[in-house]
1. For the stretch 229-289, which helices (runs of 4 or more DSSP H) that fit wholly inside it have 2 or more residues that are within 30 Å of residue 112 (Cβ to Cβ) and within 29 Å of the chain's Cα centre (by Cα)?
2. Which ones in the stretch 68-104 are farther than 14 Å from residue 408 by Cα and in a helix (DSSP H, G or I)?
3. Within the stretch 375-384, take every residue that is closer than 14 Å to residue 84 by Cβ and more than 13 Å from the chain's Cα centre (by Cα) and give me the one that is surrounded by the most Cβ atoms within 10 Å (Cβ to Cβ).
4. I need every pair where a residue in the stretch 405-423 that is on the phi < 0 side of the Ramachandran plot and modelled with pLDDT of 90 or more has its Cβ under 8 Å from the Cβ of a residue that is loosely packed, with under 15 Cβ neighbours inside 10 Å and in a loop (DSSP other than H, G, I, E, B), sequence separation at least 6 or different chains.
5. Of all residues being surrounded by fewer than 13 Cβ atoms within 10 Å (Cβ to Cβ) and touching a helix residue (DSSP H, G or I) at 6+ places or on another chain (Cβ under 8 Å) in the stretch 245-268, which is nearest to residue 140 (Cα to Cα)? Just the residue, please.
6. Which condition number in (1) within 17 Å of residue 95 (Cα to Cα); (2) at pLDDT 95 or above; (3) crowded, with 21+ Cβ neighbours inside 10 Å is the one that residue 394 fails?
7. Look through the stretch 291-321, keep the residues that are farther than 21 Å from residue 401 by Cβ and surrounded by 11 or more Cβ atoms within 10 Å (Cβ to Cβ), and return whichever of them is farthest from the chain's Cα centre (by Cα).
8. State which residue is nearest to residue 409 (Cα to Cα) when the search covers only the stretch 37-60 and only residues that are crowded, with 19+ Cβ neighbours inside 10 Å and touching a helix residue (DSSP H, G or I) at 6+ places or on another chain (Cβ under 6 Å).
């Protein structure tokens, strides 16, 4: 313990080492606070949905109750969906930074409502929002370089290395002691703010232990790289320059190349293309006989085939029928789009086994429930809820059942962590 205290005093006397440790502590704490503030903001926005929805529906219900038209109720009513952030989301915001976490949907065609944003691989993207994942993946290696690049070369340049090498039994313990001390201080500076944030956010013990272990492993990887370069016998400046180049290649250049390569190998259209295809199918319905649309709709949904014939004038059941037919006309494209996103995601995870920066960022996003799979799961919950909405309104539309003010309370409700069901 005396030797450890002595090494600690020597380390803290080095201005650059002390400044590096203070700075990384500040950055780690700031990233945790920033992430928690963003998650708190998103939760507050989600919490405001219910009272706003109540006001909107009350206004629509007052108007619809005059005619009791189910079609008007279905057409003008927007129903909110939301993706509640997981407790650990503050550490890696992932797709929550670029994809909507609230979406209001109507019982009309769903595909045209879903793809306002695009899903992509956050673990292969260039640095984005300042959060703990950013600090760990992109900044922590720079602090490893700052603390370890001159571990041996600094002694050589100070003229003490020959004397130390004359004590072969002691010098190994010296390097090990110094390396462990610097690793421990750097790890504490990065991990302690995260631990405090995780406890305050009520994160489970298992995710905390996984992330703490992941942080230690990632730092150990960069320490190993730094120590390996240090064995080459170069000057401290040469070591630092070489390590900075490796940092640039491993954390930025190679992930970007991998991102481009995956996109080329697994082509995936844009979500807006699905929107346009669905809208084209919907618009074509205005130019064809209504009976053709209804035959196609009833063929896929025979439970409504006994509905009374269409009147000569406009009827909402025809309008909603061709919206559903429009969704079904692009079902193959929707499946291909999703399969492409999942294939890219699997490829990104495979790259993560080779590039630690990609693997760490991907695992953090998975633990935080902010990755591609989480976004697709949210879309699945929207689809299940939208199907429940359709069933609910069709029960009125296709039986010409009046829809009054009290019927709005019977509409399905969305559950942020599950799915909507008609009650």
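1. Numbers: elements: 236-248, 254-265, 271-284.
Output list reads 254-265, 271-284.
2. 87, 88, 89, 90, 91, 94, 95, 96, 97
3. 382
4. 410/423; 412/423; 413/423
5. 265
6. (1)
7. Filtering first and then ranking leaves 291.
8. Step by step, filter the stretch 37-60, then rank; the result is 57.
The values are calculated or read from the model by the stated rules, or taken from the named source; none is laboratory data. This structure is a prediction, so every number in the text was calculated from the model and none was measured. Using ideal geometry, Cβ is built from the backbone for each residue, glycine included, and neighbour counts are taken over all protein chains shown.
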